[in-house]
Amino acid sequence: MSHTIDISFRYTACMSPSLIEVLPPTVGQVSSITNASKPVDGQYSIMFNGRLYYPIPAKITASNLANLFQSFSDFGYVVVARTGECAQYSYTIQWLTNGQQPLISIANSSEVRPIDAPMIVSSIRRGSTINVFYNLPNDILRTYHRTPQVEVLVGGYPSYCSNENNNCEFQWSIDHTPTIISVEQNGTMVTIHGTEFSDELEANMILIVNLSALPPGLYPITVRTSMGFAGPLFHIEYRFYVQEVSPQIGSAYGGTDVYVQGAGFENGTSIQFRHRNNRLFPCNIVSIQSNQIHCQTVSTTGQVTITSNGIHPTYGFGYAWFPSRETVQQGTVVTWYWSSVELRSPVYYKIQQVTNAYSTEPVPNGFDSGSATSS
């Protein structure tokens, strides 16, 4: 008499099953009907919001995938859950901020093993950036008046007027409007003629103002009195020019003496140089004459400060770095600053070097700020 026994294997440790042996061999025979699927391995690339991201490990953990996505500037905060084992994984991605996002697409899966392993992307539920709550129309809370009323909105809602009959009126009067008659300019000295500038009679006709140095151009004259702004609008003009700057090439580490030739320079004038990346660097003033400024350049190496004032979508203020992403060049000085004084309970921080944007394991002998501290 012979018997057939069908056995199905399902390994959870991502191992390749071996064939069962019958002992002694004369008792029976063992044959394989179908082979188990091979475990997933390799890496792939995705397309999101018009940008290509690579590489994405095929068997990356849920927490590492969330860290990887959050290291990209376009993704924001996400929560990732993974299900499945070995031969098949499924990832569910939920955005905690910027809820309305485009669908992720698989750009290249040629490096995923086994070859031609199917990869499918679908949307479970789309978020929205539209506010489902609507402000209460202000007309519902208004009362009838014959004179114009002062209206104060707090958070988009009108406040209550506590005066008698709910009356908080305000009216414009041309008879109480200050007036500018003329403006006379002599360098930085400006004389303004007008009326209603002050309650004191001697100050009602002339104002003398010593203006600070400004870039060349036309500037409006604004006179603000206890009754409000005076009119009509007048302008004054600043005129000065730069004739020559020498030398025109200097050290990136500062210390170059620069001479600016021109006219109309005054004490308090400052000089800045604009780098090709649009950053401004001061030139320390050594001396100022009416036709020449002598200054000395400073180092153009960058300065970046990262604080613990970021807001985590789950844990709140103080649990994220700000800014969360920063690109620096060689020579840039990066400073981390943290403090948990404003938090209910102390939080301890430290800085460590990791191998990539999504790793949480420190690099052996890498950068380490030392023991974690709260400030």
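The values are calculated or read from the model by the stated rules, or taken from the named source; none is laboratory data. Predicted model, so just to flag it, every value in this text is computed and none were measured. Here the Cβ is made from the backbone with ideal geometry for all residues, glycine too, and neighbour counts use every protein chain on show. Ligands, DNA and RNA are excluded from the accessible area calculation, which covers all protein heavy atoms including side chains. Shrake-Rupley method; radii C 1.70, N 1.55, O 1.52, S 1.80 Å.
A compact table of results
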read-out: Matching residues, the stretch 80-95, being closer than 26 Å to VAL354 by Cα and open to solvent by 70 Å² or more (accessible area, probe 1.4 Å); value: ARG82, GLN94
read-out: Any chance THR335 is of a type in the set (S, T, N, Q) and loosely packed, with under 12 Cβ neighbours inside 10 Å; value: yes
read-out: Residue in the stretch 299-313 that is touching a residue at least 24 places away in the same chain (Cβ under 8 Å) and touching a Leu at 6+ places or on another chain (Cβ under 7 Å) present; value: yes
read-out: Condition met for SER90 (of a type outside the set (D, E, K, R), outside the structural domain of SER359 (by the TED database) and over 21 Å from the mean Cα position of the chain (by Cα)); value: yes
read-out: Looking only at the stretch 227-271, and only at residues there that are among the aromatic types (Phe, Trp, Tyr), more than 30 Å from ILE174 (Cα to Cα) and open to solvent by 50 Å² or more (accessible area, probe 1.4 Å), the one that is modelled with the highest pLDDT; value: TYR259
read-out: Leading residue by the ranking (farthest from the chain's Cα centre (by Cα)) among those in the stretch 37-53 that are of a type in the set (Gly, Ala, Ser) and assigned to a strand (DSSP E or B); value: GLY42
read-out: Count of the stretch 340-375 residues which are open to solvent by less than 90 Å² (accessible area, probe 1.4 Å), without any contact (Cβ under 8 Å) to a residue 24 or more places away in the chain and among the hydroxyl-bearing types (Ser, Thr, Tyr); value: 1
read-out: The stretch 172-185 residues that are more than 26 Å from TYR219 (Cβ to Cβ), paired with ones that are of a type in the set (A, V, I, L, M, F, W, C) (beta carbon under 6 Å, 6 or more apart); value: HIS176/MET227
read-out: Which listed residue is in contact (Cβ under 8 Å) with a residue 60 or more places away in the chain and not in a strand (DSSP E or B), from ARG276, ARG325; value: ARG325
